[in-house]
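Below is one structure, written out as structure tokens, with a few remarks after it.
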Number of protein chains: 2
Amino acid sequence: MELFEKQVSSKQIFDGKVVKLFVDQVELPDGSLAIREIVRHPGAVCVVPVDNDGNVVMIRQFRYPFGKVLLEIPAGKLEPNEDPLEAVKRELEEESGAVAGRIEHIGELYTTVAIFDEKIQIYLATDLTFVNAHPDQGEFLEVERIPLDTLVQMVMDGEIQDAKTQIAILKAHRILEGRR
Amino acid sequence: MELFEKQVSSKQIFDGKVVKLFVDQVELPDGSLAIREIVRHPGAVCVVPVDNDGNVVMIRQFRYPFGKVLLEIPAGKLEPNEDPLEAVKRELEEESGAVAGRIEHIGELYTTVAIFDEKIQIYLATDLTFVNAHPDQGEFLEVERIPLDTLVQMVMDGEIQDAKTQIAILKAHRILEGRR
């Protein structure tokens, strides 16, 4: 079956600090027309930093859309033309004060496939040493080390809501289990 | 540390068919002001339908923001005031033609915590029987049954990008492994 949707027109509604919003008209496979509301985003990186005792360096941060503090792995959006690996190193040190001897790309995720074009690259960081964290101005967060096994159980019990954190924790656990 | 951000003002930029966009001003914990671009969404459900042979009923669908066909579990957004369990039954039958004897809630995910308030409820459906699929008008998709173990490997190998699908497959696999 032909599934492709062809762009007929595109109108930019909003050009923000973080997101751009477009309303596009598309032609569906049967020739009929439909509207697509698209939010565009520069992309992001996230990282599971695991210390030599099997603890993950986690971040607690207020998330305004939900009005509450969430537990997440370190992450950040890409600056224009920034190399994702450099972004990981920057966010890791800024948010958690960790410097990694080894960083591996372990996956990619699309957050909201129907309307949002954000892609997040997922990394695993090991062989950690610690310096002082220095969050960006206007960034308020708490750092906490939690055993990876505990985090897997928290994901399974529904105690971690953030999508990138659920995926990265479950993937990192399977990868590190396979190396034992 | 106090992490709360207080709303100072909120301006609606766009009121669409699927999303609403707001630009809010907030007061940070140190008293300074910041801008938050917020996309609001009615919420959604997704489901891992596993047949008696251990195959998952999967969907291939063109996703306009990425310009390509993605492999996903069945899912759909909530209608106003719709019960999530009813939405799961509806989407499951519409998209895949499956009717489940047993449906369990196995988790929740927040897709993009910094800017998007979408929550997706995750379900596991078993004891399946099949009728004819009947997608919504304007919805074009292909249905394919793939073994759950194969899908886990595809998630680990980076062959499935959709966030809800990665989480739901890894969680469903751990849950069903625990029952063997």
Rounded, prolate or oblate, given the Cα gyration tensor of the range A:52-96, with a/c below 1.5 counting as rounded? oblate
Using the 7 Å Cα-to-Cβ label point, sort the distances from B:E79 to its equivalents in the other copies shortest first and give them in nm to one decimal. 4.9
If each label sits 7 angstrom from Cα along the C-beta direction, how far apart, in nm, is A:Q25 from its counterparts in the other copies? 3.8
From the Cα centre of the range B:1-73 to that of the range A:46-97, the distance in Å is 19
For the range A:121-173, what ratio Rg/Rh do Cα atoms give with a Kirkwood hydrodynamic radius? 1.00
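Can you tell me how much longer the chain between B:L176 and B:I146 gets when fully stretched, taken as 0.36 nm per residue apart minus their C-alpha distance, in nm with one decimal?
Here the segment from B:L176 to B:I146 would lengthen by 9.2 nm.
Looking at the square roots a ≥ b ≥ c of the eigenvalues of the Cα gyration tensor of the range A:21-122, which shape do they give, rounded for a/c under 1.5, prolate if a/b is larger than b/c, or oblate?
It is prolate, given that a/c is not under 1.5 and a/b is the larger ratio.
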In nm, to one decimal, how far is the B:T126 label point from the B:K11 one, both placed 7 Å along Cα→Cβ? 5.3
Compute the distance from the alpha-carbon center of the range A:102-180 to that of the range B:114-173, in whole Å. 21
Using the crude model of +1 on Lys and Arg Cβ and -1 on Asp and Glu Cβ, and no other charge, please compute the dipole size for the protein assembly as shown relative to its Cα centre, in debye to 20. 40
For a paramagnetic label modelled at 7 Å from the Cα of A:E2 toward its Cβ, which residues of the range B:60-82 fall within the zone defined by backbone nitrogen distances under 15 Å? B:62
Within chain B, helix-based [θ] at 222 nm, where runs of 4 or more DSSP H residues each add -39,500 (n - 2.57), nearest 500: -6000 deg cm²/dmol
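Report relative contact order for chain B in percent, whole number only (criteria: Cα-Cα under 8 Å, sequence separation at least 6). Spell out each step's value before the answer.
Working: 367 pairs, mean separation 38.2, N = 180.
After rounding, I find 21 percent.
Report, for the protein assembly as shown, the % of DSSP beta bridges that are antiparallel, rounded to 5. Before the final figure, lay out the partial values.
Working: 86 of 102 bridges.
Percent antiparallel among DSSP bridges in the protein assembly as shown is about 85.
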Can you pull out the GluC sites (Glu not before Pro) in the range B:73-180 that DSSP calls coil and that have at most 12 other Cβ atoms within 10 Å? B:E159
What are the distances, in nm and sorted shortest first, from the label point of B:G158 to the label points of the same position in each other copy, with each label point placed 7 Å from Cα along the Cα-to-Cβ direction? 3.3
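Under the definition of partner shielding as Cβ atoms of other protein chains within 10 Å of a residue Cβ, what is the mean value for peptide A:152-158? Before the final figure, lay out the partial values.
Numbers: counts 2, 0, 0, 6, 7, 1, 7.
Rounded to a whole number, the mean comes out at 3.
Quick one: A:L92, A:L128, fewest Cβ neighbours within 10 Å first, how do they rank?
In order of increasing Cβ crowding within 10 Å: A:L128, A:L92.
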Is the shape of the protein assembly as shown rounded, prolate or oblate, going by the alpha carbon gyration tensor and its root eigenvalues a ≥ b ≥ c, with a/c under 1.5 for rounded and a/b larger than b/c for prolate? oblate
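Among the listed pairs A:K11/B:K6; A:K20/B:K171; B:K11/B:K68; A:K68/B:K77; A:K17/B:K171, which have their C-alpha atoms separated by more than 30 angstrom in this model? Write down the numbers at each step before the final one.
Values: A:K11/B:K6 33 Å; A:K20/B:K171 33 Å; B:K11/B:K68 34 Å; A:K68/B:K77 23 Å; A:K17/B:K171 35 Å.
Long pairs (Cα-Cα over 30 Å): A:K11/B:K6; A:K20/B:K171; B:K11/B:K68; A:K17/B:K171.
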Viscosity 1.306 mPa s, temperature 10 °C: Stokes-Einstein D of chain A from its Kirkwood Cα radius, in µm² per second? 88
Expressed as a whole number, the average count of other chain Cβ atoms within 10 Å around the Cβ atoms of A:24-30 is 2
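Every number here is computed from the coordinates shown, using simple stated rules; none is lab data. Only a predicted model underlies this, so the values are computations on that prediction, with no experimental measurement involved. Cβ coordinates were reconstructed from backbone atoms using ideal geometry, including for glycine residues, and neighbour counts include every protein chain displayed.
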